[in-house]
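See structure below.
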Amino acid sequence: AQSVAQPEDQVNVAEGNPLTVKCTYSVSGNPYLFWYVQYPNRGLQFLLKYITGDNLVKGSYGFEAEFNKSQTSFHLKKPSALVSDSALYFCAVRVFDNYGQNFVFGPGTRLSVLP
Amino acid sequence: DGGITQSPKYLFRKEGQNVTLSCEQNLNHDAMYWYRQDPGQGLRLIYYSQIVNDFQKGDIAEGYSVSREKKESFPLTVTSAQKNPTAFYLCASSMESVNTDTQYFGPGTRLTVL
C-alpha cells in the first residue's frame, strides 16, 4: 500500500534555529512528493514539490526539502525558523490507481516556533 | 482573482438533514477532490473527479455524494447516512498533466452537527 508517514506529531524549535519536519514514504514507482502548510481554519498552501532532478528542492517562505531515495525520505527544512512558521505541515505523495491520480497525505506535524 | 472558493465557511446541520457544500474553481483544472480533516488524522479522501460527469469514491465515501456537471464545480452533499459528519471539509483541484500536478486547496468549510 502506498503511504506517507510523519513520525512526529509535534516539533518545537526556538526562533532563529534550524528546523526539520520529517517525512517518509512508501510508493510503487517514482515518487512525486509534496509539502503543504496549513494555518488555523484555513486550507492547505503548497510549499514545494519533488518530481525529478536535484534532490534539494527549494520552495516558498525559505523552506527547502531533501529527497533521499535510499532512505525513502523527504524531510522539510529551514535554516532559521520564524514564529510565523508555526503551523500544521503535511507531506503528500501523488499516487495512481485504475481511475487516475490522487494524493495520499501524511497525518501532519504541528510545528511550534518559540520566541 | 483566480483560485478555489468554498462556501459556506461555517455550516450547522441538524441530525437527519442533508447539506451541500459548494466548491468552485476558475483555474481550468481537470481534477477536483474532496477531503475530510479531523483533528490528529490528517486528510482523508472522500471523492475525486478527473473529468466532467465522472467521479470516483475515495477512502471514506460512505454517507457522502457528489456531482460534476461542470468542470469548475464539484459540490459535496453530506447525507443523513453519514454518522459523524462534524469535521473540516477541504476541496482541492489539480491539472491532469505529468508535471503540473500540484493540488490547490480552497479555504475549507467547517460543518457542525447540532
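The values are calculated or read from the model by the stated rules, or taken from the named source; none is laboratory data. Quantities reported herein were computed from a predicted structural model and do not represent experimental measurements. A quick note on method: Cβ atoms are made from the backbone with ideal geometry, for glycine too, and the neighbour counts reach across all protein chains shown. Calculation scope for accessible area: heavy atoms of the full protein, side chains included, ligands and nucleic acids excluded. Shrake-Rupley method; radii C 1.70, N 1.55, O 1.52, S 1.80 Å.
Every residue in the range B:1-25 that is in contact with an Asp or Glu (Cβ under 6 Å, 6 or more places away or on another chain) and more than 13 Å from every other protein chain (Cβ to nearest Cβ), please.
B:GLU24
For the range B:33-44, does any single residue satisfy the condition of being over 13 Å from the mean Cα position of the chain (by Cα), more than 9 Å from chain A (Cβ to nearest Cβ) and without any contact (Cβ under 8 Å) to a residue 12 or more places away in the chain?
yes
So A:ASN55 clears everything in (1) within 13 Å of another protein chain (Cβ to nearest Cβ); (2) of a type outside the set (Ser, Thr, Tyr); (3) over 19 Å from B:TRP34 (Cβ atoms); (4) open to solvent by 50 Å² or more (accessible area, probe 1.4 Å) except one condition, right? Which one?
Going through (1) within 13 Å of another protein chain (Cβ to nearest Cβ); (2) of a type outside the set (Ser, Thr, Tyr); (3) over 19 Å from B:TRP34 (Cβ atoms); (4) open to solvent by 50 Å² or more (accessible area, probe 1.4 Å) one by one, A:ASN55 breaks only (1).
Condition check ((1) open to solvent by 40 Å² or more (accessible area, probe 1.4 Å); (2) closer than 15 Å to A:PHE74 by Cβ) across all residues:
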{"residue": "A:ALA5", "(1), (2)": "yes, yes"}
{"residue": "A:GLN10", "(1), (2)": "yes, no"}
{"residue": "A:ASN30", "(1), (2)": "yes, yes"}
{"residue": "A:LEU33", "(1), (2)": "no, yes"}
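For the subset of the range A:12-28 comprising residues that are at negative phi and small (Gly, Ala, Ser), which member is surrounded by the most Cβ atoms within 10 Å (Cβ to Cβ)?
A:SER26
Name the residue that is modelled with the lowest pLDDT, counting only residues in the range B:45-56 that are within 11 Å of chain A (Cβ to nearest Cβ) and surrounded by fewer than 15 Cβ atoms within 10 Å (Cβ to Cβ).
B:ILE51
Among the numbered criteria (1) within 26 Å of A:VAL4 (Cα to Cα); (2) under 13 Å from the mean Cα position of the chain (by Cα), which single criterion is violated by B:GLU72?
Of (1) within 26 Å of A:VAL4 (Cα to Cα); (2) under 13 Å from the mean Cα position of the chain (by Cα), only one is false for B:GLU72: (1).
Show me the strands (runs of 3 or more DSSP E) entirely contained within the range B:1-76 in which 2 or more residues are over 23 Å from A:VAL93 (Cα atoms).
Fully inside the range B:1-76 and qualifying: B:4-7, B:10-13, B:19-25, B:64-66.
From the list A:ASN30, A:ASN17, A:ASN98, A:ASN41, exactly one residue is part of a loop (DSSP other than H, G, I, E, B), within 22 Å of A:LEU114 (Cα to Cα), within 14 Å of chain B (Cβ to nearest Cβ) and over 12 Å from the mean Cα position of the chain (by Cα). Which is it?
A:ASN41
Scan the range B:58-79 for residues that are open to solvent by 50 Å² or more (accessible area, probe 1.4 Å) and either under 26 Å from A:THR109 (Cβ atoms) or within 9 Å of chain A (Cβ to nearest Cβ) (or both) and jot them down.
Listed by number, the list holds a single entry, B:ASP59.
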